[in-house]
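To start, the structure itself, in structure tokens.
Here, each number is a calculation from the coordinates, and none is a lab measurement. Note that the coordinates shown come from a computational prediction; the quantities given were computed from them, not determined experimentally.
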Amino acid sequence: MIRILTACLAVMALIAGCAATDSNKQAGSQMAPCAKGDPVLRHVVLLAFKDGTTPEQVKAIVDAFCALPGKIDVIAGFEGGTDVSPEKKSEGFTHCFLLTFRSAADRDAYLVHPAHKQFGGALRPHLDKVLVVDYWART
């Protein structure tokens, strides 16, 4: 009886330890097996602007997006640019941005942050389409 009780307690401890695993560790199973280093969450944003959006309007939107890391401290990394691929497979998307977060919670805080919401409001009237993909990577 004592052995059974001890075995049950050991199994319960193992299950509790697994349940306490945070989202970054769970992400490890979603990464390529060749990935090494600490897990980070990448947030890819592709933008296509409506016909008639002027270069000045596009620049103002890009500048506003580039200003977000200074306003939202959970953004661990930020880069972006315009499509220069010779393959011509961009499907109308002209701009790509890559944001890095240290956790899913940080990404979620970014999504509801007032500065992000304000940026979305300024972007929306000029946006033809947007594509967003998140994935786990390692640094």
extent check for region 23-138: Cα max minus min per principal axis, descending, whole Å, gives 45, 37, 18
Under 24 Å, Cα to Cα: Lys pairs in region 23-138, sequence gap 8 or more or different chains:
15
